[in-house]
Amino acid sequence: MSDHITDLIGWGATLILLLTISSQVYEQWRSRSTQGVSHWLFAGQLAASTGFVAYSVLQGDWVFVVSNVFLLFTALLGQVLYLRNRRRQQ
């Protein structure tokens with residue numbers, strides 16, 4: 001498979017994953033609630049994305065680097081919103 005097609009598959013998968021995670025973060029922001037959201041979702045995503053960013057840099061895979069940097073940012077935002085919403089509910 002050509003590098004161009006491989007990169008397109010990677011970018012497509014990235015877009016789907018970002019839209020999925022972003023919709024959860026948006027819902028938390030909109031509802032200002034933590035109901036139905038596990039705190040481990042964003043904590044796990046933060047840990048995994050950090051590891052994947054480092055791995056991707058070491059591998060020189062820039063599609064994966066960019067993807068995981070965006071996922072890391074999304075996880076960080078989700079965690080901040082989760083903690084803020086949890087404080088409001090107490």
If we ask which residues in the stretch 47-63 are in contact with a Leu (Cβ under 7 Å, 6 or more places away or on another chain) and either surrounded by fewer than 16 Cβ atoms within 10 Å (Cβ to Cβ) or over 15 Å from residue 18 (Cβ atoms) (or both), their number turns out to be 1
Answer yes or no as to whether residue 66 is surrounded by 15 or more Cβ atoms within 10 Å (Cβ to Cβ) and β-branched (Val, Ile, Thr). yes
Look through 81, 8 and report the one residue that is over 14 Å from the mean Cα position of the chain (by Cα), surrounded by 12 or more Cβ atoms within 10 Å (Cβ to Cβ) and in a helix (DSSP H, G or I). 8
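One line per residue, one yes/no per condition, for (1) of a type in the set (A, V, I, L, M); (2) out of contact with any Gly (no Cβ under 7 Å at 6 or more places or on another chain):
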position: 1; (1), (2): yes, yes
position: 14; (1), (2): no, yes
position: 31; (1), (2): no, yes
position: 39; (1), (2): no, yes
position: 42; (1), (2): no, no
position: 59; (1), (2): no, yes
position: 71; (1), (2): yes, yes
When every residue in the stretch 16-46 that is surrounded by fewer than 12 Cβ atoms within 10 Å (Cβ to Cβ) and either under 10 Å from the mean Cα position of the chain (by Cα) or not polar (S, T, N, Q) (or both) is compared, the one farthest from residue 74 (Cα to Cα) is 36
Would you say residue 74 is touching a residue at least 40 places away in the same chain (Cβ under 8 Å), hydroxyl-bearing (Ser, Thr, Tyr) and part of a helix (DSSP H, G or I)? yes
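Where a number appears in this text, it was derived from the coordinates with a stated rule and is not lab data. Quantities reported herein were computed from a predicted structural model and do not represent experimental measurements. Glycine gets a Cβ as well: all are built from the backbone with ideal geometry, and neighbour counts include every protein chain shown.
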